[in-house]
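S.K.: Before I ask anything, let me first share the structure, which is written out below as structure tokens.
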Amino acid sequence: MSIRYVLLLALAACHRQGAPAASVAPVAEATRELRALADDSMEGRGTGTPGGWRAARYIAAELERYGVRPAGDSGYFQRVALRTGGAANVVGLIRGRDPSARDSAVVIAAHYDHLGIGRPVAGDSIYNGADDDASGVVAVLQMARALAHEAPRRSVVVLLTTGEEVGLLGTRRYLDAPAVPLDHTVAELEVEMIGRPDSLAGGSGRAWLTGYERSTMGDMLKAAGSPIVPDPRPSQNFFERSDNIAFARRGIPAHTLSSFNLHGDYHTPDDEVERVDTVHMARVIAAATAAARSLADGPAPQWKPGGRPAGR
């Protein structure tokens, strides 16, 4: 089944019988999860904080509800050592349906941590991070929900990491102890900040991919008619500013999907749920789900000459 066909099926639900996109169940589910993750009770999801642990437990419960298998070292949790206490990634696994392909995997990922409680701005000291990156976590949860319902050929690792804001700690921990060996991991798709439309990407429902030209992943999406386009701001070096870069430096074709439009609420307490365009977010989630299914069903993407970044 092509990515274009899957995407059309997903979007059709948003327009069936003229119903507005916000009325369909996936939008409601995504909004519910977004509100939970960016609620003040999560205290900004700081790494190694009580609020961060509350977020991790919530994410694990959602994965269990969607039928995703636990794949951490303690159920869904993969412990991440900190000087100040414990923290954890949340890791799940969707086993592929094809016995000849299920030992290989695609990783779909987002970081669930944010900045926690910080300097008050206009009386608000909780940095809720609705766009950064509760929106990406919601996308990965909804992608996992769809993929668990109808498993692709390859297995899918569902990875929600902590510590992105403090040096990619969670992703580095995962790479040292992966749920599927790295030499059997064919691609990683990171989702970061999809809560608001970006006019440079084409507006509502459109997103961009960092490092689009570096591997054949971008070509695969283009051939399928995906609404995911090249990163319109290469000067910002977004390819190297999210967890995907750690996978890429290990040799795995890895890119970040986003619609960040450089809004002024970045890393401020104003990054709230009320500023998220949930219809746009749901449409991007549909595109991301189709992309993930294509990666897990089709040929493995390859680096283009000079595309793989150096280092580890």
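The values are calculated or read from the model by the stated rules, or taken from the named source; none is laboratory data. Owing to the predicted nature of the structure, the values given are computational and were not obtained by experimental measurement. Neighbour counts are summed over all protein chains in view; Cβ atoms, including those assigned to glycine, are modelled from backbone coordinates with ideal geometry.
S.K.: For segment 93-119, give me each residue that is touching a Phe, Trp or Tyr at 6+ places or on another chain (Cβ under 8 Å) and part of a loop (DSSP other than H, G, I, E, B).
M.R.: Leu115
S.K.: Those residues that are modelled with pLDDT under 95 and either surrounded by 19 or more Cβ atoms within 10 Å (Cβ to Cβ) or touching a strand residue (DSSP E or B) at 6+ places or on another chain (Cβ under 9 Å) (or both), I need them from segment 63-94; list them, please.
M.R.: Correct list: Ala81, Gly86.
S.K.: Which residue is surrounded by the most Cβ atoms within 10 Å (Cβ to Cβ), if the candidates are limited to segment 144-178 and must be more than 15 Å from the chain's Cα centre (by Cα) and among the basic types (Lys, Arg)?
M.R.: The extreme case among them is Arg154.
S.K.: Could you please let me know if Ala60 is at pLDDT 90 or above, of a type outside the set (Ser, Thr, Tyr) and touching a Ser or Thr at 6+ places or on another chain (Cβ under 8 Å)?
M.R.: Numbers: at pLDDT 90 or above: yes; of a type outside the set (Ser, Thr, Tyr): yes; touching a Ser or Thr at 6+ places or on another chain (Cβ under 8 Å): no.
So Ala60 fails the test.
S.K.: Still on this structure, please answer the following. Among the residues of segment 30-53, write down those that are more than 24 Å from His280 (Cβ to Cβ), without any contact (Cβ under 8 Å) to a residue 60 or more places away in the chain and buried (at least 18 other Cβ atoms within 10 Å of the Cβ).
M.R.: Trp53
S.K.: Sticking with this structure for a sec: Counting only residues that are more than 30 Å from Gly167 (Cβ to Cβ), outside any loop (DSSP other than H, G, I, E, B) and over 13 Å from the mean Cα position of the chain (by Cα), how many does segment 283-312 have?
M.R.: 5
S.K.: Filter segment 113-124 down to the residues that are surrounded by fewer than 24 Cβ atoms within 10 Å (Cβ to Cβ) and closer than 16 Å to Pro50 by Cα and list them by number. Break it down stepwise before answering.
M.R.: Taking segment 113-124 first, the residues surrounded by fewer than 24 Cβ atoms within 10 Å (Cβ to Cβ) are 115-124.
Leu115, Gly116, Ile117, Gly118 - these are the residues of segment 113-124 that are surrounded by fewer than 24 Cβ atoms within 10 Å (Cβ to Cβ) and closer than 16 Å to Pro50 by Cα.
S.K.: Continuing with this model, one more query. Within segment 253-282, can you find the residues that are among the polar types (S, T, N, Q) and part of a helix (DSSP H, G or I)?
M.R.: The one that is among the polar types (S, T, N, Q) and part of a helix (DSSP H, G or I): Thr278.
S.K.: Can you name every residue in segment 120-160 that is touching a strand residue (DSSP E or B) at 6+ places or on another chain (Cβ under 7 Å) and either in a strand (DSSP E or B) or among the basic types (Lys, Arg) (or both)?
M.R.: Ser125, Ile126, Tyr127, Arg154, Ser155, Val156, Val157, Val158, Leu159, Leu160
S.K.: Just checking, does segment 212-227 include any residue being closer than 26 Å to Val273 by Cβ and either among the basic types (Lys, Arg) or part of a loop (DSSP other than H, G, I, E, B) (or both)?
M.R.: yes
S.K.: Are there any pairs with C-beta distances below 6 angstrom linking a residue in segment 90-114 that is without any contact (Cβ under 8 Å) to a residue 60 or more places away in the chain to a residue that is crowded, with 22+ Cβ neighbours inside 10 Å, with the two at least 6 apart or on different chains, and if so which?
M.R.: Ala101/Arg154; Arg102/Gly96; Arg102/Ser155
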